[in-house]
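Chemist: Once you've had a glance at the structure underneath, I'll fire off some questions.
Quick note: the coordinates plus some simple rules give every number you see, no bench work behind them. All figures in this text were calculated on a predicted structure; none of them were measured in a lab. No Cβ is skipped: glycine too gets one built from the backbone with ideal geometry, and neighbour counts run over all protein chains shown.
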Amino acid sequence: MKLIQWTFFLDMLGYGNKNSLIKNREDAQKFIDFMKGNQKILDSHNDNKALKKQYKTQWFDLYKYYEVKFTFISDSLVFTMLPKEVDENLNEDVYYSHSANVLFIISMRIFTVILYVLEKEKIFIRGGISNKFCDISEQFAVGEGLIEAYNLESEFAIYPRILLSKEISSNYKIMNSLKVIAKKMYNGNYLIKKDTDDYFYLDYLTFKLSQSDINSQSIQFALTKQTISSIELNQQKLITIQIINIHKEIIENNINEMNQKITNSNNSKDLQKYNRILQKYIWLKKYHNRVISNFPKYSICKISI
């Protein structure tokens, strides 16, 4: 039997413009180094022998059931969890529980990439998640899961969010298993939210907040639940505050920039473009404020839109 396959297509919004400005080898190398940083984050999990041993002996054995594959296509990332054929009969509850757990694990790895891109280049990621087939060999990615995830990103996501396909979100057994897994294994942190258009998306900012309480000296690790020193705790707290402030400042700066461009432009095509971009940052502003509603000093409140 095989568990459910998960395929992500992720696009770095705005990096296409930055990429088009690369005119020499020095600038090209900076871009390549940045992309290698993303690759290193993902490789660090798959090449970590100690982590693999913990999965095998202490946690859910991810690598028993899945082959982890990913590739970068310019500034886009294709990531798939290809299920292995396992000589094991699982009942329905265990089948969906294992599959849901893998979606959580991979989503948290993707969150790390999202926050890295945000910190290094001050840009956001948009994407889609499919449960259909995809395979990757070196830089080549193929399959209906890739196409569905790409279409979700390019046609339906609109805002900087990573959407679950309707087939996933309408499957009660999958969605219920995700809730049960969140409650049992991840301190109740349900990392998927429903938007006003009925699409479900990954909630990376809530995940970051769930790692540390920025108002206290407590911290939770969703996977390891390990005890850490006060120095490590304070470091996590400072990193979380830094990420929140970066998130806040990027949104504020871009809203101000788009408002200024709209005010100064008389070209109808440019106005349409600026308004489309502005709507993305308005969505991000609402998302940001909703997530950090319990921490008003980090909210975005000084911008008229």
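Chemist: Which one of ASN38, MET81, PHE124 has its Cα pushed farthest toward the positive end of the charge dipole of the chain, where Lys and Arg give +1 and Asp and Glu give -1 at the Cβ?
Modeler: Most positive-ward Cα: PHE124.
Chemist: Pairs of alpha-carbon atoms within less than 8 angstrom and 6+ residues apart define the contacts here; what relative contact order does region 1-202 have, in percent?
Modeler: Relative contact order of region 1-202: 27 percent.
Chemist: Hey, quick one: spin label on GLN39, modelled 7 Å out along Cα-Cβ, who in region 113-131 has an amide N within reach, i.e. under 15 Å?
Modeler: none
Chemist: When only DSSP loop residues count, what trypsin sites (Lys or Arg not before Pro) in region 235-305 have their Cβ near at most 15 other Cβ atoms within 10 Å? Show your work: numbers first, answer last.
Modeler: On the way: sites: LYS237, LYS248, LYS261, LYS269, LYS273, ARG276, LYS280, LYS285, LYS286, ARG290, LYS297, LYS302; in loops: LYS302.
Here the trypsin sites (Lys or Arg not before Pro) that fit, given the DSSP loop and packing criteria, are LYS302.
Chemist: Another question, if that's okay. How big is the chain by Rg and Dmax over its Cα atoms, in Å?
Modeler: Radius of gyration, then largest Cα-Cα span, for the chain: 19.9, 66 Å.
Chemist: Quote the Stokes-Einstein diffusion coefficient, in whole µm² s⁻¹, for region 87-208, based on the Kirkwood radius over alpha carbon pairs, a temperature of 25 °C and a viscosity of 0.890 mPa s.
Modeler: Numbers: Rh = 15.4 Å.
It diffuses with D of about 159 µm²/s by this estimate.
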